[in-house]
Amino acid sequence: MSEFIKREPERPKFPKRAVITAGMPYGNKSLHFGHIGGVFIPADFYARFLRDRIGKENVIFVSGTDCYGSPIEENYRVKCENGEFSGTIEDFVRNNHENQKSTLENYKISCNLFGASGLDRAKEIHQQVTDELLMTLYKNGHLEKRTTSQFYDAKAGKFLNGRQVVGKCPVLNCQSEKGYADECDLGHQYMPENLIDPKSTLTGETPEMRQVDNWYFKLVDFYALLNEYAEKIKPLPTTRKLVYNTIKEFLEQPVIYIKKELYDGYLEIAEALPEHDIRDVDNQKKTSFAITFDDLHKCDKACEILTSSGFRYRTGKTLVPFRLTGNVKWGVKAPEFEGENDLTIWVWPESLWAPVSFTRTYLESIGKDESEWKNWWCSDECGIYQFIGSDNIYFYGIAQQALFMGLQGENCHLSENGDMQLSTLVPVNHILFMNKKASSSSNIKPPMAADLLDHYTADQLRSHFLSLGLAMRSVSFMPKVYDADANPAEADPVVKEGNLLTNVFNRMVRSCFYTSQKYFDGILPDGEIDEEILKTTRDAVLKYERHMHKFEFHQVMYVLDSFIRNANKFWSKNITPAEKNDDNELRAYTLRNMFYMVKVANILLHPLAPEGTEMVRDYLGIGDEMWSWDKIFDDIYSYESINENHKLRFLEPRVDFFAKHPSQLAANEN
């Protein structure tokens, strides 16, 4: 091997072990295209890459169905009332879980465990983790019981859960389509009494407010630590700006926004409000002025006064006590503290430690000791990578990090070895559908992930979604088969991205095999690899690795495209004169270098298209050692499974390593 290729460049560092998580879909629905394209495919792509890069035994990829909470309870109630479902709520969740699991398998999503927080052994372990975590937080002094108001439908004669109240989010400039009891569908939290124009989904009546007791996590106490955490992650190449900026937004002072036309009324009650500062009164560009407080309790008191005085106002993003419990029947049972024994855990908190539960469930299933999970979640040698939607940064970037730090004791610090490790968050922006926002609760319904496979292969969809650049911006998903206005002469964008596999690389691999079989009896030509080929290959691998390290998957796809197309150009440049002059020496030179590039490209494509690349590996006759990056720059004859004068497996005529969807083949034939 060339001395040039042996020189070790500066390369990104990867952890010795890694846990990858993907955002958990609710147990009341099938997976739509956003679940798959926005979270699961990127998470799987990275998990498969790390298995090759640091060893598959050093990677755990977990996710699962989020079984509990008011959205599921409410959806189950409605479907039963409409005659769309019969059975228990557990039956309802299990049906959806199995459907989700099947879809993920069809998309080649390689979770070590896709569990369900409310089913089977995962349910038992999730309850155990919940008990341990809350009891530790309580012992450490990080929980408080608070009496708050909850919506009550007098006509229905019952307290309403979070999804049985719909209004408008009170957070300034929020673009949410729906505000629920104490959070909107974009994740903003607020006090229930601040919800604008609330209505009961049971009766359509305006509900009353009644007092209830619940347990809250003292999130406000972690203000300084969360600031320290934000500044620590800010310069890291693995931190997306969106993560830092969103976290900092919630670390602003408590603020209330009031329309300027109410300014005179504000002046009449200003002295009755807690001490505050005022800004933006003279700013002509803003329609509201702001009053800020140095303490959340002062802000809450001001909200009470403004409400009782008939003011309409909006609150800003800030830290508030993080509610842990509620009275939704379908939920994880909360431990009993101070006589409160009939509470369940609110769905968002328990979903934050569900990945820990799933990790423990998986490790138990492969026979590991009960304490083994700490070698993953509590070791500074293990990276925790959580793939989430951008709307959920508050929960994973603030609430989860503070909850985990709260397990340390009364006096907390940024995590060290032995503590619960803080996560690297990998958020993605929204995927639009035909340039519009689609959701199951809006007029524009998203296509279901399973239905897309009626028109495209999993490889084509994986390629397309990874190419969209969702790390940078919101992008529209515009599959031609769903676009009534599509130009028949234009290529389908999903098929176009998949052509790198189905056309370019597929043809490249077949040409190499067929030429080898025709002229060399399938013997792999041995010899030195061209210095220029070594250089371009090395550059491509290192670019790929750097982009992977920063989760820039659209750039990874660009590197793959460039490398494979350049390899095809090398083939065309050399095989044409070799054929014209019947030059066997040139053929051998071309094949030797081409098979080297095929081998490297196949390793780089492995996280994207696992089945086709495994097939290429099998025909090359290399064992699973091929996937190890320890020998990624070496030629094929350096592998232990390759002998002198290695004969490749015979490739039959018209074999496709990466096939198109049958519907596309039928369309071409027509």
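The values are calculated or read from the model by the stated rules, or taken from the named source; none is laboratory data. Owing to the predicted nature of the structure, the values given are computational and were not obtained by experimental measurement. Neighbour counts are summed over all protein chains in view; Cβ atoms, including those assigned to glycine, are modelled from backbone coordinates with ideal geometry.
Do you know which residues across region 132-174 are among the aliphatic types (A, V, I, L, M) and touching a Ser or Thr at 6+ places or on another chain (Cβ under 8 Å)?
Residues satisfying the conditions are A156, L160, V165, V166, V171, L172.
Which condition breaks for E193 when tested against (1) part of a helix (DSSP H, G or I); (2) within 30 Å of the chain's Cα centre (by Cα)?
(2)
Checking the structure you have, find out if any residue of region 368-391 is over 20 Å from Q128 (Cα atoms), modelled with pLDDT of 95 or more, in contact with a Ser or Thr (Cβ under 6 Å, 6 or more places away or on another chain) and among the hydrophobic types (A, V, I, L, M, F, W, C).
yes
Mind telling me which of the residues E338, E364, E304 ends up being out of contact with any Leu (no Cβ under 9 Å at 6 or more places or on another chain) and surrounded by 14 or more Cβ atoms within 10 Å (Cβ to Cβ)?
Of E338, E364, E304, the one residue that is out of contact with any Leu (no Cβ under 9 Å at 6 or more places or on another chain) and surrounded by 14 or more Cβ atoms within 10 Å (Cβ to Cβ) is E364.
Can you list the helices (runs of 4 or more DSSP H) lying wholly within region 454-521 that have 3 or more residues being out of contact with any strand residue (DSSP E or B) (no Cβ under 8 Å at 6 or more places or on another chain), outside the structural domain of E105 (by TED's automatic domain parsing) and surrounded by 16 or more Cβ atoms within 10 Å (Cβ to Cβ)?
493-499, 506-520
Against the condition assigned by TED's automatic domain parsing to the domain that holds E105, surrounded by 23 or more Cβ atoms within 10 Å (Cβ to Cβ), in contact (Cβ under 8 Å) with a residue 24 or more places away in the chain and not in a helix (DSSP H, G or I), how does L422 come out, does it pass?
Answer is no for this residue.
Suppose the filter is surrounded by 20 or more Cβ atoms within 10 Å (Cβ to Cβ) and within 30 Å of C184 (Cα to Cα); does L403 pass it?
In short, yes.
Report yes if some residue within region 660-670 is over 37 Å from the mean Cα position of the chain (by Cα), part of a loop (DSSP other than H, G, I, E, B) and within 30 Å of L452 (Cα to Cα); otherwise report no.
Yes - at least one qualifying residue is present in region 660-670.
Name the single residue, out of those in region 159-173 being modelled with pLDDT under 80 and not polar (S, T, N, Q), that is farthest from G331 (Cα to Cα).
Per the criteria, the residue is L172.
Yes or no: M548 of a type outside the set (S, T, N, Q), part of a helix (DSSP H, G or I), closer than 22 Å to L651 by Cα and outside the structural domain of V59 (by TED's automatic domain parsing)?
The answer is no for M548.
Tally time: how many residues in region 17-47 are aliphatic (A, V, I, L, M) and either outside any strand (DSSP E or B) or more than 24 Å from Q421 (Cα to Cα) (or both)?
Looking only at that region, the number is 7.
Mind listing just one residue for me: the one in region 571-618 that is surrounded by fewer than 16 Cβ atoms within 10 Å (Cβ to Cβ) and hydroxyl-bearing (S, T, Y) and, of those, nearest to I632 (Cα to Cα)?
By that ranking, first place goes to S572.
Here's a check for you: in region 196-231, which residue that is without any contact (Cβ under 8 Å) to a residue 12 or more places away in the chain and part of a helix (DSSP H, G or I) is surrounded by the most Cβ atoms within 10 Å (Cβ to Cβ)?
Going through the qualifying residues, I end up with E231.
Restricting attention to region 305-321, which residues are part of a helix (DSSP H, G or I) and in contact (Cβ under 8 Å) with a residue 60 or more places away in the chain?
T307
When region 619-658 is examined, which residues are found to be surrounded by fewer than 17 Cβ atoms within 10 Å (Cβ to Cβ), under 33 Å from the mean Cα position of the chain (by Cα) and more than 28 Å from G527 (Cβ to Cβ)?
D656
Looking only at residues that are without any contact (Cβ under 8 Å) to a residue 60 or more places away in the chain and closer than 12 Å to T536 by Cα in region 559-570, which one is surrounded by the most Cβ atoms within 10 Å (Cβ to Cβ)?
A567
Which one is surrounded by the most Cβ atoms within 10 Å (Cβ to Cβ), of the residues in region 142-165 that are assigned to a loop (DSSP other than H, G, I, E, B) and over 33 Å from the mean Cα position of the chain (by Cα)?
A156
Taking the condition of being touching a Ser or Thr at 6+ places or on another chain (Cβ under 7 Å) and of a type in the set (D, E, K, R), how many residues in region 54-73 meet it?
Total satisfying the criteria: 1.
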